[in-house]
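*Asks:* Okay, here's the structure, questions in a sec.
What follows draws every value from the coordinates through simple rules; no lab data is involved. Just so we're clear, the structure is a prediction, and the values are computed from it rather than from any experiment. For neighbour counting, all protein chains shown are included, and Cβ atoms are generated from backbone atoms with ideal geometry for every residue, glycine included.
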Amino acid sequence: MSWVLRRVDDRLIHGQVVVAWGNHLHPRRMWVVDDAAASSAWERDLLSSVGPPDVEVRVLTIAEATAGYAEEEKAGGAAFLLVRDLKAALALHDAGLALHTLNLGGIHYSAGRTRINEYIYMDDADRERARRLIAAGVILEVQDVPATRPMPLAAPETRATFPLRSNSDS
């Protein structure tokens, strides 16, 4: 079974992931793929401690995740792949990981980002990464919790559901 959720969320592990998605999909493992968090013992310990007690949480670098992804794909039980941003998602894709569908659950406001919806904000670099993933056949779905309907960020054969254009594209 393995990968049942591949999610981009700048908060990584938090209530929506643990409670809403966890109760819906019942993972045995959560992979947090984030170079900065993986290089900090404090962040690794913190992220490992906020997962459900019966779920193994692994905090990995992009290189470590790339090395173990195919084996995890064959493992029994469900697993979540959590990345902080589209930069990490694109790096995993470019390393050869079959991502198929990415859940965009939270890319929050910061300077230079414009609103896509109430929990997705993107700057020009994010938009370009999203375009590259979509062009490669990865489906980007905007959905914060399982109870809401997933909306495609864009479909290659149609107009974008959410605008991928920035002010500099006009």
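*Asks:* Quick check on the chain: what does the Kirkwood estimate of hydrodynamic radius come out to from the alpha carbon pairs, in Å?
*Replies:* On the way: mean 1/r = 0.0616 Å⁻¹.
Averaging 1/r across every pair of different Cα atoms and inverting gives 16.2 Å.
*Asks:* Please go through region 68-154 and write out the trypsin sites (Lys or Arg not before Pro) that DSSP classes as loop and that have at most 14 other C-beta atoms within 10 Å.
*Replies:* Numbers: sites: K74, R84, K87, R113, R115, R127, R129, R131, R132; in loops: K74, R84, R113.
Within region 68-154, the qualifying trypsin sites (Lys or Arg not before Pro) (loop, at most 14 other Cβ atoms within 10 Å) are K74.
*Asks:* Also, quick follow-up: Report the chymotrypsin sites (Phe, Trp or Tyr not before Pro) located in region 10-111 that are in a DSSP loop and have at most 14 other Cβ atoms inside 10 Å of their Cβ, or state none. Each step should come with its number before you reach the end.
*Replies:* On the way: sites: W21, W31, W42, Y69, F80, Y109; in loops: Y109.
Within region 10-111, the qualifying chymotrypsin sites (Phe, Trp or Tyr not before Pro) (loop, at most 14 other Cβ atoms within 10 Å) are Y109.
*Asks:* For the residues L86, L97, L104, what sequence is obtained by ranking on other C-beta atoms within 10 Å, fewest first? Intermediate results must be reported in sequence, preceding the final value.
*Replies:* On the way: L86 23, L97 20, L104 26.
Fewest-to-most Cβ neighbours within 10 Å comes out as L97, L86, L104.
*Asks:* Counting Lys and Arg as +1 and Asp and Glu as -1, each charge on the Cβ, what is the dipole of the chain about the Cα centre in debye, to the nearest 20?
*Replies:* Working: 19 positive and 23 negative charges, 76 e Å.
Approximately 360 debye in magnitude.
*Asks:* In the chain, which longest range has no GluC sites (Glu not before Pro) that are both DSSP loop (not H, G, I, E or B) and surrounded by at most 12 other Cβ atoms within 10 Å?
*Replies:* Details: sites that count: E118, E157.
The segment 1-117 is the longest one with no such site.
*Asks:* In percent, what relative contact order does the chain have, based on Cα pairs under 8 Å that are 6 or more apart in sequence? Don't skip to the answer; put the middle values down first.
*Replies:* Details: 302 pairs, mean separation 42.7, N = 170.
Averaging sequence separation for qualifying contacts and normalising by length gives 25 percent for the chain.
*Asks:* Which value, in debye to the nearest 20, gives the size of the charge dipole of region 36-89 about its Cα centre, when Lys and Arg are +1 and Asp and Glu are -1 at the Cβ?
*Replies:* On the way: 5 positive and 9 negative charges, 33 e Å.
Computed about the Cα centre, the dipole is about 160 debye.
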